[in-house]
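Novice: This structure is in structure tokens; I'll ask about it shortly.
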Ligand code: SF4
């Protein structure tokens, strides 16, 4: 279950502040603002796991809608203009886990910020981008010398790997 922390944290580290333009260039789907009724949201008790990709994670909620199961990821703070790429990939990972676990493909997932909800379509392109990213991350994990990808001390301050990281800026 070590992958839970690793996969989701590495998403955040690598993609924390990508712009909307970069997201579109990467072929990720656009977002749309939606209204959601949180009364239908069910808490997820145990992490979902998909062995072939060694992927595990726990969406904050699952919502049943028209026979589909929609994962919801809750983020603290006010919504950015568009969801961060890291959040989109995290949600895509949950969509994949829901599909593999319940044998039904979510058409989209929801990112819930304090003041706004975004629906992100779980397209085949997003799924492929996610699988490629996971492969890249696995490859990087095998490398001994991985350089820091940013110059932001504030990110290091919030990072769970700070004490073990020899490139920390904080
Ligand atoms: S502490 Fe290390 S792993 Fe964490 S954000 Fe900083 S450089 Fe990256």
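Read the figures in this text as sums done on the coordinates, not as results from a lab. For clarity, every value in this text was computed on a predicted model and none was experimentally measured. Every residue, glycine as well, gets a Cβ built from its backbone with ideal geometry; the counts of neighbours run over all protein chains shown.
Novice: Give me the distance in nm between label points sitting 7 Å out from Cα along the Cα-to-Cβ direction at residue 158 and residue 125, one decimal.
Specialist: 2.8 nm
Novice: May I pose another question? Between the alpha-carbon centers of the range 60-77 and the range 148-170, tell me the distance in whole angstrom.
Specialist: First find each Cα centre; the distance between them is then 31 Å.
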